[in-house]
Amino acid sequence: MVVGSARIMNITRNFKLKRQQLQQCSRTLGFGSRKLLTVDGDAADGARLCRCRRFHTSREPRASFAKLSPQEVDSILRANEYNHEFSSGTTSVKSYDSNQLASNNPIEDTRSEASCLLTTGLLVGVFDGHGGGACAQVIAKRLFHYITACLLPPDSLKQYSASLQTPSPLDLIKSYNDKVQFVDDVRDIYRNSFLQFLRDLNDLNDKKNFEMHRALEDAFLRLDNDLSREALPKDDGKVNMKTLSVAMTGSVGCVAHIDGAHMHVANVGDCNAVLGVRTDTNSWIAKKLTLEHNTFNQAEVDRIVKEHPHNESNTVIKMERLLGQLAPLRALGDFRYKWSKEIMSSIVTKYFGDQMVPPNYYTPPYLTGKPDVIYHRLTPRDKFLVLATDGLWDIISPLQVVRLVGEHMSGKVTLSPLKLPRKNMKLWEINEMLLQRKEGLKTKPKDTNAATHLIRNALGGTEYGIDHGKLSQLLSLPDDVVRVFRDDITITVIYFDSEFLRHCPV
Amino acid sequence: MFASKLPKCHSIYYLVVKANYSTQHARVVIGGAGVVGNSVAYHLAAKGWTDVLVLEQSTIGSGSSHFGSGTLGLFKPIADRDLIWYSIKLYQELQQKGYDIEMKRCGSLNLAKTKDRLIALKRRIAYNVPTGLQCELLDSKAVKDLHPYLFTEDLEGAVWIPDDAVANPIKICHVLAKLAQEYGVRYKENVIIKNVLTKNQRVYAVRTNEEVIHCDYFINCAGMWARELGLQCNPKVRIPAYPAEHFYALTSNLNLEEGLPCVRDYDSNSYIRQSGSGFLLGWFEQEAKAAFDDHPAIPKNWRHYLQHDWAQFENFWKKSMHRIPMLSSCPQPRLINSPDNFTPDGRWILGEMPSVSNYFVACGMNGNSLQGAGGIGNAMAEWIIEGRPTKDLLPFHVQRYLDVHNGRQYLQQRIKEVVGRHYAILYPLQCEYKYARKVRCSPLFSVLETKGAVFGIKMAYERALYFDTTCGDKKPTMPPGSFYKPQFFNFMKEEHNACREGVGIIDMSSFSKIDIKSDRAEDVVGYLQKLCSNEVNIPIGSIVHTGMLNEHGGYENDCMLVRQEENSFFMVSPTSQQTRVYEWLTKNLSSKSTVALNDVTSMYTVLNVVGPKASELIGELSNSDMLLHSFTYKKVNVGYASDVMVMSFTHTGDPGYCLYIPSEYALHVYEKLMVVGRDYGVRDVGTLTQRFMRIERFIPFWAEELTSFTTPFEAGNGYNVRLDKKDHFIGKEALMKQKRDGILKQLVFFQLNKINIDVDIWPWGGEPIYRNGEFVGTVTSAGYGFSTNKLIALGFLRRPKDSQVKTVTTDYILSKQAKYEIDIAGNKFPATPYIHAPIFATTVSERRKYKPTAIRSKAFM
């Protein structure tokens, strides 16, 4: 926790000024994440209302650090819960639980889940934006279309493209829990980009053999490329400030595509996908599928250093960040680390000022949106997959996460091995603790949603169970402090149907 | 051939020549002057081997040859029929030469009282007709016309075999002895053979109660005494044949007119022939009695001890009266107890002993010695003279047995049901024995039994045929047999699904396993190079599939060789080869060789772990990377057990492994596979399912496709022949010649069309194959192709009989003009030929690579 939050805190400090400026700039220009999207439906309004009331209680005048009631804690934790069950026996995914807890205001994480409609399979993703939530929001809305288009066999692709010209176009995906829409003008821009992509795919498709790794890479890179193109001035030299501001923010993300026993995980940045595996002796194993793209990943550091001239080796990664600024070493958007020096001076400097150009910016691009693609063939031992942004992984380990979800599945609390909280404890103190712990083991998990269970335990977990005081304190921190203690958290837990996997052909 | 050589006949009565010259040496000594021994002696002499001495403990024909029904029936499986056919022709010649052997070509009626019996008979007609036997299917009216005394109203039909005959067994026995003597064969009666003496595992003399007679060959034709005589040899030889009481009855004179055909009333377990102007009735009762079971040995004065128990025959007598109503008014007939030798599988015992060279046997006539004697005498004479059988006698080969088959108690139990099986409907793959079971069992037997295994035996080894998963706590039994879709077919389908989608576990512990090693690596490699058609000098840890061939290029063994060390190989051969292949290996080992052989069959439990998920399952259990290259092996821990040999091949060609588990770990490994395997879709799989899967992969079987008369090129196994290998191997010249000149037969895979698997009779093997209406071959094995949902069959294809061209080519087989049909019990079904198994898409590379599956949207249509 200390390491993680320190890192985030640093970023926050580094970017604090810039981000405030950017936000200010966005506001003055009349765009920004909220303006980019419209929220539809009463439920979503309710959710937003609820978010204002609950999440940001600290802004309202009240006694500072007053404890929340258990009911208040529950409603904060559960405000963004989502659950979906799939009809049994038809797919390897039984259901999923998802939840988010904001730290930033507004939250910079996004998530997205959708069934592919023209091919078999389910897509689930979590996205962690930085420098604002715009890029993450755009990606969450657009990326699955790009992926599904790449998955379409040539025939289906032609038929799909053709259907777009008809009054009843086909849908590529069926999204769950999607409550936002792009505002009209950006929607048209995005639609045109996508149509162009389809045309390009059609031209290309006949010639290549399908390769899942490449399909996912192509989808990520193409969307990233489109984000860049949309931000740059058109032939008439006009700049669209909405798309340009999206390009100034960035996002990491982790997307799983699950089709029967085949699971592919595409990961850019520092989100993680962890598989919960139950052994034949009923113990839990956490299988971490992804490797974060940050400075802890030596291969990644080596890659970047190698891509730039030797004399940059001390500046390209500095203070554990890309060019001393960006913690994730890969991301979508963030064109301030990708565009050529010419574009930087003609566009970025012009609209946002010099300070937006990173120091030591000599040989761009420094950043890529290319994902790692991991293939895993699901077995009946694989019980669930946890996709989460670093807000979760900063606080608890993959094994703890898997154990927590495992105990949530079995409806039984199993605490982590006991660690004494301080030195020189008296024996009676330890005994007290053990008794309390024993009592805690009797309680059933409070939440029906495993993601909520994870957040609750991540924030409120102690050696002897959930501590309401700790939880309430962490949930009632004022806006300007909260980011020091916890980042945005987004979690999606996908449950697999063991019976289906047992019988599904390879 | 024999006709021209027959000496002229004067009288059938003759005197045994009391030879004055020494009997202390003979090239061949024959033990027993029954009809078989006399026939062997006669044929040897007729072919020029006249230095033959026949020793008889009593007088010529005084054993069970004395009696017998005298019927000669041709309506049999081909291998049996061809020898009997020779007998009939021989006896006809004798008759024509003027010997009075009371032979009558009266024909036979083979009755079917049930629908299944009729199918069984029709299946026999199907393969007998194109191979030359005249058979006619009659309705009950036509039966009545041929045999007016029969009650025929309850018959489904009958088969008329005009060439069948009757003759007098004892007279033929004497004629053959006389003719043999005229060629110079010596007979010595009232001589007891005490020992057969051997040196270096080779016969050199016979010790009688009088003297020691030196000889090159000994032939045991001692009938009921053959088994005991076999034990009088050092080392002992096994001849598992034991007499059962066998009855027939003679009626008084019933004033019958001449020329009534023989009747086989299978469903009443009886046969009826005319004898003079009365009837002779005999029975193959369902449960017979072992003879002389209260004697320590078969008595010499055996007739003295025979009992006639009318009560035992009450039921049969009733059935006979039902068939021939006039019998009810017949005065009490004379009941004759004529014990005869029966064998554990009801087939003759012929050939050279394993472990003692030049010790031959011909016995086990299973109730009718006359019928086989002529053909067997000829086949044995040729076998001895040529040094190998001249026709395929694999079904009768004495080397099909183990010591366990030769136990007296075992035999007494087993032959009880062998007698009746001669007239039972033997449903293919579904006619297991009831008695003398659970003799050789896998360590997993009891566990598999609780899991619903229905067992069958091979080499007395209990093997799970399929698993009835619905029977709960009860032990399942095999449902009544069928020529149609088996009742247990759905279990097989589930088992197949496990093998194709998850993991199937097959207990194959019955496989013969032999360790072959030497201190000197080059000795063992050189030895195996000579025996094997494939390159065997493979890297340590590799496995090679190879044939072991005879000089004519025919198979003597089909095996996997695993190189464990530089100087040590582990050989896995088919179950039924355990005795025979050891003999073949020994025979080809020079006495000075440093190579040592060790039969380790019982040391290992063998589990085939078959299916696409086998690799992950074994990987999890062994904690190691199980991406073994195919045809390699690794010793690993599985579960908590150590030293499990994991071999990367399966007998069905599917992905998976063979686990060779030291038997004490078998239960542990099996349980681990089952518990952990649950998540991989594990299921027990029986050998019947595996058999079908093999056929579908076009993998030929030992003894069905692969025999001493089949070469690798003919069987489509050319890929494991290395004509270019440095070392010479047995059979190489024959194969090179075949490669040059072409082959006369080729194994072809057929898919049957327009056949309804739920309604029609299935092919099971033995069905004739027609090409544009001409008979070109016979189905050797058949089954159901689970992947294609079609009935499938393998069979050797030749040119039609009177074709000028004899060689078979791909063009000939796959010619567009060729229309194939397979005759199943009288109905011809079109069939498509393949010279490679039709491929179904389950190769590993395809599986590993993910491809999205398009969903057909309604809008698309």
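The values are calculated or read from the model by the stated rules, or taken from the named source; none is laboratory data. This one's a predicted model, so the numbers in the text were calculated from it and none came from an experiment. A quick note on method: Cβ atoms are made from the backbone with ideal geometry, for glycine too, and the neighbour counts reach across all protein chains shown. Accessible surface is based on the protein model in full, side chains and every heavy atom, while ligands, DNA and RNA are left aside. Shrake-Rupley method; radii C 1.70, N 1.55, O 1.52, S 1.80 Å.
A:THR448: accessible area at probe 1.4 Å, nearest 10 Å²?
About 120 Å², ignoring ligands and nucleic acids.
Can you classify the protein assembly as shown as rounded, prolate or oblate using the Cα gyration tensor, where a ≥ b ≥ c are the square roots of its eigenvalues, rounded means a/c under 1.5, and otherwise it's prolate if a/b beats b/c and oblate if not?
Values: a/c = 2.81, a/b = 2.73, b/c = 1.03.
Prolate, because a/c is 1.5 or more and a/b exceeds b/c.
Quick one: with all protein chains in place, what share of the accessible area of the stretch B:638-727 is carbon or sulfur, to the nearest percent (1.4 Å probe)? Display every interim value, and only then the final one.
Numbers: 1390 of 2760 Å².
C and S fraction of accessible area: 50 percent.
Which value in deg cm²/dmol, rounded to the nearest 500, describes the helix-derived mean residue ellipticity at 222 nm for chain B, given -39,500 (n - 2.57) per DSSP H run of n ≥ 4 and division by the residue count? Please list the in-between numbers first.
Numbers: 20 runs with 209 residues, N = 861.
Helices in chain B give a 222 nm mean residue ellipticity of -7000 deg cm²/dmol.
For the stretch A:181-243 and the stretch A:445-499, write down the distance between their C-alpha centroids in whole Å.
Taking the Cα centre of each part, the stretch A:181-243 and the stretch A:445-499 sit 37 Å apart.
Step through the residues of the stretch B:166-173 one at a time and calculate ³J(HN,Hα) from phi using the Karplus curve (6.51 cos²θ - 1.76 cosθ + 1.60, θ = phi - 60°), rounding each to whole Hz and writing x for Gly and Pro.
Running phi through 6.51 cos²θ - 1.76 cosθ + 1.60 with θ = phi - 60° gives 10, 7, 9, x, 5, 5, 5, 4 Hz.
Skipping prolines and chain starts, which residues have an amide H placed within reach, meaning under 5 Å, of the one on A:ILE317, given they are 5 or more residues away or on another chain?
Long-range HN contacts for A:ILE317: A:LEU323.
Based on the Cβ-Cβ distance from B:HIS836 to B:ASP625, what FRET efficiency comes out when R0 is 35 Å, to the nearest 0.05? Show your work: numbers first, answer last.
Working: r = 32 Å, r/R0 = 0.92.
So the FRET efficiency works out to roughly 0.60.
What's the carbon and sulfur percent of the stretch A:278-324's accessible surface, probe 1.4 angstrom, rounded to a whole number? The partial results should precede the final answer.
Values: 1420 of 2730 Å².
Summing carbon and sulfur atoms, their accessible area is 52 percent of the total for the stretch A:278-324.
Please determine, in degrees from 0 to 90 and to the nearest 10, the orientation of helix B:115-128 with respect to the longest principal axis defined by the Cα atoms of chain B, where the helix direction is its Cα long axis.
Between the helix axis and the principal axis of chain B, the angle is about 90 degrees.
Would you mind checking A:LYS179/A:LYS446; B:LYS416/B:LYS513; B:LYS634/B:LYS849 for any pair whose Cα atoms are more than 29 angstrom apart? Write out the running numbers ahead of the final one.
Working: A:LYS179/A:LYS446 27 Å; B:LYS416/B:LYS513 32 Å; B:LYS634/B:LYS849 27 Å.
Violating the 29 Å limit, Cα to Cα: B:LYS416/B:LYS513.
Assuming a ≥ b ≥ c are the square roots of the Cα gyration tensor eigenvalues, decide whether the stretch B:386-523 counts as rounded (a/c under 1.5), prolate (otherwise, with a/b larger than b/c) or oblate. Mind showing how you got there, number by number?
On the way: a/c = 1.73, a/b = 1.23, b/c = 1.41.
Oblate is the answer for the stretch B:386-523, as a/c is 1.5 or above yet b/c matches or exceeds a/b.
GluC sites (Glu not before Pro), restricted to the stretch A:281-321: which are DSSP loop and have at most 15 other Cβ atoms within 10 Å? Working shown, then result.
Values: sites: A:GLU292, A:GLU300, A:GLU307, A:GLU312, A:GLU320; in loops: A:GLU292, A:GLU307, A:GLU320.
Hits after loop and neighbour filter: A:GLU307, A:GLU320.
Pairs of alpha-carbon atoms within less than 8 angstrom and 6+ residues apart define the contacts here; what relative contact order does the stretch A:163-274 have, in percent? Please list the in-between numbers first.
Working: 61 pairs, mean separation 16.0, N = 112.
Contact order relative to length: 14 percent.
By how many nm would the segment from B:HIS304 to B:LEU231 grow when fully extended, if each residue of separation counts as 0.36 nm and the alpha-carbon distance is taken off? Walk me through the intermediate numbers first.
Values: separation 73, 0.36 × 73 = 26.28 nm, distance 2.44 nm.
Additional length available on full extension: 23.8 nm.
Restricting attention to the stretch B:153-223, which GluC sites (Glu not before Pro) occupy a DSSP loop and are surrounded by at most 10 other Cβ atoms within 10 Å?
Values: sites: B:GLU153, B:GLU156, B:GLU182, B:GLU189, B:GLU210, B:GLU211; in loops: B:GLU153, B:GLU156, B:GLU189, B:GLU210, B:GLU211.
Answer in residue order: B:GLU153.
Per the Kirkwood treatment, what hydrodynamic radius in Å, one decimal, follows for the stretch B:600-653 from the mean inverse distance over all distinct Cα pairs?
Working: mean 1/r = 0.0851 Å⁻¹.
About 11.7 Å for the stretch B:600-653.
With heavy atoms of protein chains only and a 1.4 Å probe, what residues of the stretch A:361-405 have at least 10 Å² less accessible area in the full set of chains than alone?
A:TYR375, A:ARG377, A:THR379, A:PRO380, A:ARG381
From the protein chains alone at 1.4 Å, what is the descending order of accessible area for A:LYS141, B:LYS851, B:LYS513, largest first? Walk me through the intermediate numbers first.
On the way: A:LYS141 40, B:LYS851 125, B:LYS513 0 Å².
Of A:LYS141, B:LYS851, B:LYS513, the descending order of accessible area is B:LYS851, A:LYS141, B:LYS513.
Quick one: check the C-alpha center-to-center distance for the stretch B:132-157 versus the stretch A:349-365, whole angstrom.
Here the two parts' Cα centres lie 106 Å apart.
Distance from the Cα centre of the stretch B:700-719 to that of the stretch B:441-469, in angstrom?
Between the Cα centre of the stretch B:700-719 and that of the stretch B:441-469, the gap is 28 Å.
If one computes P(r) from the Cα atoms of the stretch B:565-683, what percent of pairs lie at distances over 20 Å?
On the way: 3352 of 7021 pairs.
The proportion of pairs with Cα distances above 20 Å equals 48 percent.
Compute the whole-percent fraction of alpha carbon pairs in the stretch B:173-325 spaced more than 22 Å apart. Before the final figure, lay out the partial values.
On the way: 7074 of 11628 pairs.
Percent of Cα pairs beyond 22 Å in the stretch B:173-325: 61.
Under a 5 Å amide H to amide H cut-off, with H placed in plane at 1.01 Å, what residues pair with B:SER357 once short-range neighbours are removed?
Residues meeting the criterion, in which the H sits 1.01 Å from N, are B:ARG202, B:VAL203.
Using a probe of 1.4 angstrom, how much of the accessible area of the stretch A:104-249 is carbon and sulfur, in percent? Display every interim value, and only then the final one.
Numbers: 2780 of 5660 Å².
Carbon and sulfur together cover 49 percent of it.
Going from most exposed to least, what order do B:LEU306, A:LEU475 have by accessible area with a 1.4 Å probe? Don't jump to the answer; show the numbers that get you there.
Numbers: B:LEU306 35, A:LEU475 5 Å².
From most accessible down to least: B:LEU306, A:LEU475.
Give the accessible surface of the stretch B:507-552 per residue, rounded to a whole number of Å², with probe radius 1.4 Å and ligands, DNA and RNA excluded.
Values: 1470 Å² over 46 residues.
Heavy-atom accessible area per residue stands at 32 Å².
For the stretch B:437-557, what is the relative contact order in percent, using Cα pairs closer than 8 Å and at least 6 residues apart in sequence? Mind dumping the intermediate values first?
Numbers: 117 pairs, mean separation 18.1, N = 121.
This gives 15 percent for the stretch B:437-557.
I'd like the Karplus ³J(HN,Hα) series for the stretch B:819-835: coefficients 6.51, -1.76, 1.60, θ = phi - 60°, whole numbers in Hz, and an x wherever there's a Gly or Pro.
Here the 3J(HN,Hα) series is 10, 9, 9, 10, 8, 10, 6, x, 10, 8, 10, x, 9, 9, x, 9, 9 Hz.
One quarter of the convex hull surface, Cα atoms only: what value does that give for the stretch B:251-373 in nm²?
Numbers: hull surface 40.5 nm².
The orientation-averaged projected area of the Cα hull of the stretch B:251-373 comes to 10.1 nm².
Computed over the Cα atoms of chain B, what is the ratio Rg over Rh, Rh following Kirkwood?
0.97
Shape of the stretch B:642-761 from its Cα gyration tensor (a ≥ b ≥ c, root eigenvalues): rounded if a/c is under 1.5, otherwise prolate when a/b > b/c, or oblate?
Working: a/c = 3.26, a/b = 1.40, b/c = 2.32.
Cα axes put the stretch B:642-761 in the oblate bin.
For the stretch A:197-327, report the translational diffusion coefficient in µm²/s to the nearest whole number, using Stokes-Einstein at 10 °C, 1.306 mPa s, and a Kirkwood Rh over Cα pairs. Don't skip to the end; give the middle numbers.
Working: Rh = 18.3 Å.
The diffusion coefficient I find is 87 µm²/s.
Which value, in Å², gives the accessible area per residue of the stretch A:227-290 when a 1.4 Å probe is used on the protein heavy atoms?
Working: 1910 Å² over 64 residues.
The answer is 30 Å² per residue.
How far is it, in nm, from the label point at A:MET241 to the one at A:ASN424 when both lie 7 Å from their Cα along the line to the Cβ?
6.2 nm
Please list, ordered by chain and number, the residues whose modelled amide H lies under 5 Å from the amide H of B:ILE30; skip anything fewer than 5 residues away on the same chain.
When sequence neighbours closer than 5 places are left aside, the close amide H contacts are B:LEU53, B:VAL54, B:LEU55, B:ILE219.
Residue by residue through the stretch B:134-140, what is 3J(HN,Hα) from phi via Karplus (6.51 cos²θ - 1.76 cosθ + 1.60, θ = phi - 60°)? Round to whole Hz and write x for glycine and proline.
3J(HN,Hα) across the stretch B:134-140, in whole Hz: 7, 9, 9, 8, 10, 8, 5.
Heavy-atom accessible area of B:CYS441 with all protein chains present, probe 1.4 Å, nearest 10 Å²?
50 Å²
For the stretch A:142-235, which chymotrypsin sites (Phe, Trp or Tyr not before Pro) pass both filters: DSSP loop (anything but H, G, I, E, B) and at most 16 other C-beta atoms within 10 Å?
Details: sites: A:PHE144, A:TYR146, A:TYR160, A:TYR176, A:PHE182, A:TYR190, A:PHE194, A:PHE197, A:PHE210, A:PHE220; in loops: A:PHE210.
Counting only loop positions with at most 16 other Cβ atoms within 10 Å, the chymotrypsin sites (Phe, Trp or Tyr not before Pro) in the stretch A:142-235 are A:PHE210.
Please give the total accessible area that chains A and B bury against each other, computed with a 1.4 Å probe and expressed in Å² to the nearest 100.
2400 Å²
For the stretch A:139-161, which residues drop by 40 square angstrom or more in accessible area between the chain on its own and all protein chains together (1.4 Å probe)?
Relative to the lone chain, where solvent access is computed with a 1.4 Å probe, the stretch A:139-161 loses at least 40 Å² at A:GLN159.
Measure nothing fancy, just the Cα-based angle from helix B:408-421's long axis to the longest principal axis of chain B, in degrees from 0 to 90, nearest 10.
80 degrees
Please tell me the relative contact order of chain B in percent, rounded to the nearest whole number, where contacts are Cα pairs under 8 Å and at least six residues apart.
Details: 1945 pairs, mean separation 93.2, N = 861.
Relative contact order, chain B: 11 percent.
Over the alpha-carbon set of the stretch B:314-440, work out the extent along each principal axis and list the three values in angstrom, largest first.
If we take the Cα atoms of the stretch B:314-440, the spans are 57, 37, 28 Å.
What ranking of A:PHE500, B:PHE701 comes out by heavy-atom accessible area, probe 1.4 Å, highest first? Don't skip to the end; give the middle numbers.
On the way: A:PHE500 50, B:PHE701 20 Å².
The ordering from most to least exposed comes out as A:PHE500, B:PHE701.
Give, ordered by residue number, each residue of the stretch A:85-119 whose 1.4 Å probe accessible area is reduced by a minimum of 40 Å² on adding the remaining protein chains to the chain alone.
Residues passing the criterion (a loss of at least 40 Å², heavy atoms only) are A:LEU118.
Quick one: which of B:LYS47/B:LYS726; B:LYS144/B:LYS485; B:LYS530/B:LYS613; B:LYS236/B:LYS289; B:LYS236/B:LYS737; B:LYS115/B:LYS790 span more than 31 angstrom between C-alpha atoms? Please list the in-between numbers first.
Numbers: B:LYS47/B:LYS726 40 Å; B:LYS144/B:LYS485 34 Å; B:LYS530/B:LYS613 39 Å; B:LYS236/B:LYS289 27 Å; B:LYS236/B:LYS737 40 Å; B:LYS115/B:LYS790 25 Å.
Pairs exceeding 31 Å: B:LYS47/B:LYS726; B:LYS144/B:LYS485; B:LYS530/B:LYS613; B:LYS236/B:LYS737.
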